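Chemist: Structure provided below as structure tokens; questions to follow.
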Amino acid sequence: MARTTKAPRAGAVPVASDACLRGDAALSRAFGFLGKRWNAVLLGVLGGGPTGFRELSRAVGGISDSVLTDRLAELTRAGLVARTVGEGPPVSVSYALTDAGRALMPALEQISRWAREHLEPEDPAR
């Protein structure tokens, strides 16, 4: 037997399914974390391979050392980035994506592609 679907009444508010609400909550958490200034940019830079603190600072540009330290610590606590201290002298510290961080790369690449296609470039004078 064919199943028919009624059109929603004018002015009716759609009811979200439980799966939709869970998805919205997950997206909200993800973008709350990745949308925090510099987090996604740092992950993108680290997608190129292990990188030292100075190289990250130069690659990102415009980020202070204290904010870079905070963001790297946050990404490390979240399990997306691993911090490795090399024996010295001089002692070297490098940062690299974990498996969880690498799992984000396809999504970040898609978001970047979407932004290039659909968002106006930022005005450098701003």
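The values are calculated or read from the model by the stated rules, or taken from the named source; none is laboratory data. Here the structure is a predicted model, which means the values were calculated and not measured. Note that each Cβ is placed from the backbone with ideal geometry, even for glycine, and that neighbours are counted across all protein chains shown.
Chemist: Kindly check whether there is at least one residue in the range 88-110 that is of a type in the set (S, T, N, Q), touching a strand residue (DSSP E or B) at 6+ places or on another chain (Cβ under 8 Å) and more than 24 Å from residue 27 (Cα to Cα).
Modeler: Step one: filter the range 88-110 for residues of a type in the set (S, T, N, Q), giving 92, 94, 98, 110.
If we keep only those that are touching a strand residue (DSSP E or B) at 6+ places or on another chain (Cβ under 8 Å) as well, we get 92, 94, 98.
Remaining after also requiring more than 24 Å from residue 27 (Cα to Cα): 92, 94.
Yes, some residue in the range 88-110 is of a type in the set (S, T, N, Q), touching a strand residue (DSSP E or B) at 6+ places or on another chain (Cβ under 8 Å) and more than 24 Å from residue 27 (Cα to Cα).
Chemist: Here's something else I'd like to know. Which pairs do you get when a residue that is more than 22 Å from residue 110 (Cβ to Cβ) and touching a residue at least 24 places away in the same chain (Cβ under 8 Å), found in the range 38-62, comes within reach of a residue that is assigned to a strand (DSSP E or B) and of a type in the set (A, V, I, L, M), reach meaning Cβ atoms under 9 angstrom, with the pair 6+ apart or on two chains?
Modeler: Qualifying pairs under 9 Å: 50/82; 50/96; 50/97; 51/96; 52/93; 53/93.
Chemist: Which of the residues spanning the range 34-71 are part of a helix (DSSP H, G or I), among the small types (Gly, Ala, Ser) and surrounded by 14 or more Cβ atoms within 10 Å (Cβ to Cβ)? Let's see the steps before the verdict.
Modeler: Kept after step one, since they are part of a helix (DSSP H, G or I), are these residues of the range 34-71: 34, 39-46, 53-60, 65-71.
Remaining after also requiring among the small types (Gly, Ala, Ser): 40, 44, 57, 59, 66.
Correct list: 40, 44, 57, 59.
Chemist: Hey, among 76, 51, which residue is touching a Lys or Arg at 6+ places or on another chain (Cβ under 9 Å) and either closer than 23 Å to residue 113 by Cα or modelled with pLDDT of 90 or more (or both)? Give the derivation first.
Modeler: Details: 51 fails: touching a Lys or Arg at 6+ places or on another chain (Cβ under 9 Å).
Of 76, 51, the one residue that is touching a Lys or Arg at 6+ places or on another chain (Cβ under 9 Å) and either closer than 23 Å to residue 113 by Cα or modelled with pLDDT of 90 or more (or both) is 76.
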